[in-house]
Amino acid sequence: MATVRRDALVFSSPVLAPWRWPVFEVAAPTAGPRLCIMAGMHVNEVSSIEAAVQLQARVASALARGSVSILPILNLPALPYRSQYVCPVDGRNINFSFPGRPDGTFSEVLADAILREWSADAEVLIDLHGGDLCENVTKFSLFQQTRDAVLDRKNLSLARCFDSEIIVALDSSNLGRPGRACTACAERGRLAVMAEGGANGLIDAQSTRFHLNGVLNVMRTLKMIEEPPEPATRAQTIVGEYLWIDSPRAGLLYARAEPGARVTKGQQLAIVKDTYGQVEAEIVAPASGLILWRINHGLTTEGEQIFGLGIPLTKTPNVA
Ligand SMILES: [Zn+2]
């Protein structure tokens, strides 16, 4: 029988010292891999937070080998404000603060502590996301491509554990600069995958199941649970380049393409109208690809990123 500990995670940095992160630890009597799972880097992405909560009972009853640590809400300072995207202590997006630094701002120190303290001995780090207050995302999983083909293939197999419509194999332009946890891990030769599914600060059962089953499939693949992995039911198209499409104007936003849709270069994605109902701008696809997410608030501001577009890989030296 696995042992269970409901604990508070504290970090050594004085910047983080006032905070206590609820963490759920499960250890099987038989040795095996250690898996670290975090959610709530963006606190409105509650379908993934709910999955981290539900996962605790599932893991406690099913873990056969190794140990699991579950951190359901990383961005604790954001909770009272329901902050979108950022950590209110320093106004930074933790998702683009990895690997962080021990002498940086709050988000950078936290990112550093996540990698070098909490998950330092993890065989795999899983980061669950999905749809901030004004966002709808398709179901996708994501990992960082490197120059190490063996590592890339292992990370791809973890990304495939999630029943994704799309797998983002982040291209090498993301290496060597602050970014996602999975990028910082891959640069250090560590296995890490991120999953996206959910919308609008709502718990929806389908998105929660996507996250929950994805993590359980990782555990099945690592033989931490004695069950065969469940096969994917979605297409799992692999994309490399990840384009962000901005709104050229402020105004009322009318989307013409939904997350998961395949679009062609030049296709209309949205129009923006002014408050007189006049069309101010047309937003078209800069390339052919798949819509990863969109802003689904009816208002937009000039320069706001309103669509994420993934460009399918044509050449896949490491992950073919
Ligand atoms: Zn997120």
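Please state which one of 78, 64 is away from the ligand (no atom under 14 Å from the Cβ), farther than 18 Å from residue 125 by Cα, at pLDDT 95 or above and surrounded by fewer than 24 Cβ atoms within 10 Å (Cβ to Cβ).
64
Identify, please: which residue in segment 141-171 is touching a residue at least 60 places away in the same chain (Cβ under 8 Å) and out of contact with any helix residue (DSSP H, G or I) (no Cβ under 9 Å at 6 or more places or on another chain) and is, among those, farthest from residue 98 (Cα to Cα)?
Selected residue: 165.
Can you spot a residue in segment 134-142 that is crowded, with 24+ Cβ neighbours inside 10 Å, away from the ligand (no atom under 16 Å from the Cβ) and either polar (S, T, N, Q) or within 23 Å of residue 312 (Cα to Cα) (or both)?
No, segment 134-142 contains no residue that is crowded, with 24+ Cβ neighbours inside 10 Å, away from the ligand (no atom under 16 Å from the Cβ) and either polar (S, T, N, Q) or within 23 Å of residue 312 (Cα to Cα) (or both).
Give the residue, chosen from 113, 52, 57, that is part of a helix (DSSP H, G or I), among the aliphatic types (A, V, I, L, M), within 14 Å of the ligand (Cβ to nearest atom) and more than 22 Å from residue 154 (Cβ to Cβ). Walk me through it before giving the result.
Details: 113 fails: within 14 Å of the ligand (Cβ to nearest atom); 57 fails: within 14 Å of the ligand (Cβ to nearest atom).
The match here is 52.
Every residue, every condition in (1) of a type outside the set (Val, Ile, Thr); (2) assigned to a loop (DSSP other than H, G, I, E, B); (3) in contact with a His (Cβ under 6 Å, 6 or more places away or on another chain), yes or no:
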site: 126; (1), (2), (3): no, no, no
site: 131; (1), (2), (3): yes, yes, no
site: 143; (1), (2), (3): yes, no, no
site: 157; (1), (2), (3): yes, no, no
site: 168; (1), (2), (3): no, no, no
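Please verify whether residue 73 is within 16 Å of the ligand (Cβ to nearest atom) and β-branched (Val, Ile, Thr), treating the condition exactly as stated. Working first, answer last.
Working: within 16 Å of the ligand (Cβ to nearest atom): yes; β-branched (Val, Ile, Thr): yes.
Judged against the criteria, residue 73 is a match.
I need the full set of residues from segment 90-119 which are over 16 Å from the mean Cα position of the chain (by Cα) and surrounded by fewer than 19 Cβ atoms within 10 Å (Cβ to Cβ), in order please.
90, 91, 101, 102, 103, 104, 105, 116, 117
The values are calculated or read from the model by the stated rules, or taken from the named source; none is laboratory data. All figures in this text were calculated on a predicted structure; none of them were measured in a lab. Note that we place each Cβ from the backbone using ideal geometry, even for glycine, and neighbour counts take in every protein chain shown.
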